[in-house]
Each structure stands twice: as structure tokens, then as C-alpha cells.
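Everything below concerns the one structure shown next.
No lab work stands behind these numbers, since they all come straight from the coordinates. Remember, it's a predicted structure, so these values are computed and weren't measured experimentally. Here the Cβ is made from the backbone with ideal geometry for all residues, glycine too, and neighbour counts use every protein chain on show.
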Amino acid sequence: MILLTGATGSIGRHLVRRLAERGAGFRALVRDGAKGRALGCPYAVGDFDDPASLAAAFEGADRVFLGGPGALPVDGEQPMVRQLTAAIEAAAAASVEHVVKVSVWHAEPGGLLAQGAHSVLDRRLAAAGPAWTLLQPSGFLQNLLAPGAFTPDGRLIARYGGAPVSHIDARDIAECAEVLLTGAPRPGESFVLTGPRALTDRELAERISLALGRPVGLAPLAPDEVAAALTARGAPSGFAADLAGLLREVAAGSLAEVTAAVPDLLGRPARTVDAFLADHLPALRAAVQLP
Ligand SMILES: NC(=O)c1ccc[n+]([C@@H]2O[C@H](COP(=O)([O-])OP(=O)(O)OC[C@H]3O[C@@H](n4cnc5c(N)ncnc54)[C@H](OP(=O)(O)O)[C@@H]3O)[C@@H](O)[C@H]2O)c1
């Protein structure tokens, strides 16, 4: 039986659908029973913030998809470190055989925000007992649909200083997890998952313009301007500074490479930006605030 955490998230919701379609035995961990019912699959209610609630959810699982939240605007250690440590400990206590964990590209000791947090977690998982496989994705195309991707007048906010980024479709991450959880597990391996091409924000805006049939402009925002806007909205200054640091790394090309991991795992090319946009037109129109 496979247990999914982060089952309602940007990757997990697609993995739920894929596992249900193939008739795999699985259960989703959800914080809220209503969300479990909405998923329409077997679920257990539990919360990373309540470690005692995790034991029953993990009981009987032999494989785990470990997804969860990313970095939050807080001071000090990211809550995801404590939260996912509780999940790793629950997996070990339940004698889970194999954990497929969502990490992040450049998860390295001392890394900023999620990169540092996942680095701690990836090492804790490696020491915990179960076999492990790490998925280390580039930025998600789904971020385009989240609040704050576009200005109120419908321009793409360009934070990466003209550097190309090999954005990945979260559906491809879910399918890579599916292969690892239901087929060849590839224990001890880490996969940097990217899309098939790296695009600058200008190229991305051009693709979005073509998809929507109207021009979508760019609103460049320098890392320090992003940080200032965040602190003006009440985010801790340390968090804002770390985010600016991450954006500088991306602007220097840290997410520009295209890897072969998705084709290697799935036996087909990674989904293109154009395919993502075509499949999400209503949500994209809403994100750009088109009538
Ligand atoms: N976004 C990116 O571009 C990107 C790039 C590389 C790596 N990543 C990594 O990918 C992962 C997913 O990021 P995301 O932004 O896609 O997240 P997301 O869609 O917001 O998903 C987060 C999931 O974690 C669950 N969750 C949150 N707090 C929980 C708690 N206390 N107990 C149990 N479940 C909890 C959420 O459930 P609810 O429905 O209850 O909230 C949701 O299912 C993160 O680890 C992030 O670092 C993200």
C-alpha cells in the first residue's frame, strides 16, 4: 500500500488521479476530512504538526510519496523541517520500505529557504532506515496560476533578470513519482527534473500571449524590489533577504540547465510550456485577470 502526503498539493493531486486510474492500492494523508472526501480516494486524517496523528496514517504502508509545503515567510528555521521530520520518523516507525520524497533542485547544506530545508530533510531521510529516492524539480509551471504571478493590469512579473529557467509541469513530477512507486524504485538516486527547454520570462510572456490570443507584457522586478515589497507587506526581513538571494541565483542561471531525467523515467519528453498553457486556459485567463 502506498501512502501519499501532500496529496492535495500541486504534485499530489495529479498522483492521486494517476494511482486511482491504474487501480493501485493507496491512501492519502489529509489535514481535513472534507479535502479527503473531495479527493475521492481512501484517506487518513493527520497533520505534520501533530506527530501522534501520523502513526495511524502510516500504518500498513510499504511505500510513501513524501510531499509537503515549501518555504514560508517566517523567521528562523522553516516549519517544513520540523513537519517533514515528523513524517520521516513516522515512515521509519511504520517500517516503510521505500520513500519517494519531493525535494528541490540545489538542495544543499546552507542553501536558502527550501533549498537549505530540503537539504536537512534529505539527509534525515537517508539516515532514517527506509530506502529513498529524491525528486529535485526546477520551478513549477503551475506557479504561473498562483496569485502574484501577474500584475493587476495583466503583465507577467519577471523576477529572473532575463535568465532562462527550465520550468517543469507538476504533472510530470507526479508521473515520475508514479513510476518510482509502482515500477522500478531506483533506491538511493536523486533526479533533477526539468522541462524540455529553458525559457526567459520574455519568451514565457510570448508563449502566454500566443496561448491567450492577446499580448501579455512584462513587469520586471529586481530581487531587492521583491524583498522590499515583501517586507512592506509584513514579511520578516530575513525571509525577504533570502528570497532575494535565491532570485539572484536564478538570475545567474541556477535553473537554466535542461536534464534528461524526465525522459529517462517516463520514456517520453517532458511536457512543453505550450502544452501546459493549452491545458490550463481558463485558469490562465483568471490568473491574468482577463474577463
Ligand atoms: N513550487 C515550486 O516551484 C517548487 C519547486 C521545487 C520544489 N518545490 C517543492 O515542492 C513541494 C510542494 O510545493 P508546492 O508549493 O507545490 O506545495 P503545495 O501545492 O502547497 O502542497 C503542499 C501540500 O502539503 C500539505 N500540507 C501543508 N501543511 C501540512 C501539514 N501541517 N500537515 C499535513 N499536510 C500539510 C498541503 O495540504 P493542505 O491541502 O491541507 O494545505 C498540500 O497538500 C515543496 O516541498 C517545495 O519545496 C516547489
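Can you tell me, using C-alpha contacts under 8 Å and at least 6 residues apart, the relative contact order of the chain as a whole percent?
Relative contact order, the chain: 18 percent.
Please say if segment 1-153 is rounded, prolate or oblate, where rounded means a/c under 1.5 for a ≥ b ≥ c the square roots of the C-alpha gyration tensor eigenvalues, and otherwise the choice is prolate for a/b larger than b/c and oblate otherwise?
Oblate, since a/c reaches 1.5 and b/c is not below a/b.
For a quick check: sort Met1, Met80 by the number of other beta carbons within 10 angstrom, fewest at the front.
Starting with the residue having the fewest Cβ neighbours, the order is Met1, Met80.
For Arg13, what is the net charge nearby, where nearby means another residue's Cβ is under 11 Å from its Cβ and Lys, Arg count +1, Asp, Glu -1?
Around Arg13, the surrounding residues sum to +4.
Can you put Phe58, Phe65 in order of Cβ neighbours within 10 angstrom, beginning with the fewest?
Ranking Phe58, Phe65 by Cβ neighbours within 10 Å, fewest first, gives Phe58, Phe65.
If you take every DSSP beta bridge whose two residues both sit in the chain, what share of them, in percent to the nearest 5, is antiparallel?
Percent antiparallel among DSSP bridges in the chain is about 10.
I want the antiparallel fraction of DSSP beta bridges within segment 1-101, as a percent rounded to 5.
Among the beta bridges of segment 1-101, antiparallel pairing accounts for roughly 5 percent.
So what is the orientation-averaged projected area of the chain, using the convex hull of its C-alpha atoms, in nm²?
14.6 nm²
Across the Cα atoms of segment 73-127, what radius of gyration and what greatest pairwise Cα-Cα distance (Dmax) are found, in Å?
11.4, 35
Hey, got a sec? Which trypsin sites (Lys or Arg not before Pro) in segment 205-291 land in a DSSP loop and have at most 12 other Cβ atoms within 10 Å?
For trypsin sites (Lys or Arg not before Pro) across segment 205-291 that sit outside H, G, I, E and B with at most 12 neighbouring Cβ atoms in 10 Å, the list reads Arg233.
Hand me the GluC sites (Glu not before Pro) from segment 207-291 located in a DSSP loop with no more than 15 other Cβ atoms within 10 Å, in residue order please.
Glu257
Could you tell me the calculated FRET efficiency between Glu77 and Asp49, based on Cβ-Cβ distance and R0 = 22 angstrom, to the nearest 0.05?
Working from the Cβ atoms, E equals 0.95.
Counting only other residues whose beta carbon sits under 12 Å from that of Arg22, what net charge do I get with K and R as +1, D and E as -1?
Once positives and negatives cancel, what remains is -1.
Once you list every other residue whose beta carbon is under 15 Å from the beta carbon of Asp274, what net charge do they have if Lys and Arg are +1 and Asp and Glu are -1?
Value of the local net charge: -1.
Over the chain, with a Gaussian network built from C-alpha contacts below 10 Å, which listed residue (Pro42, Pro152, Pro137) shows the highest mean-square fluctuation?
Of the options given, Pro152 has the highest mean-square fluctuation.
What is the order of Trp105, Trp132, fewest Cβ neighbours within 10 Å to most?
Trp105, Trp132
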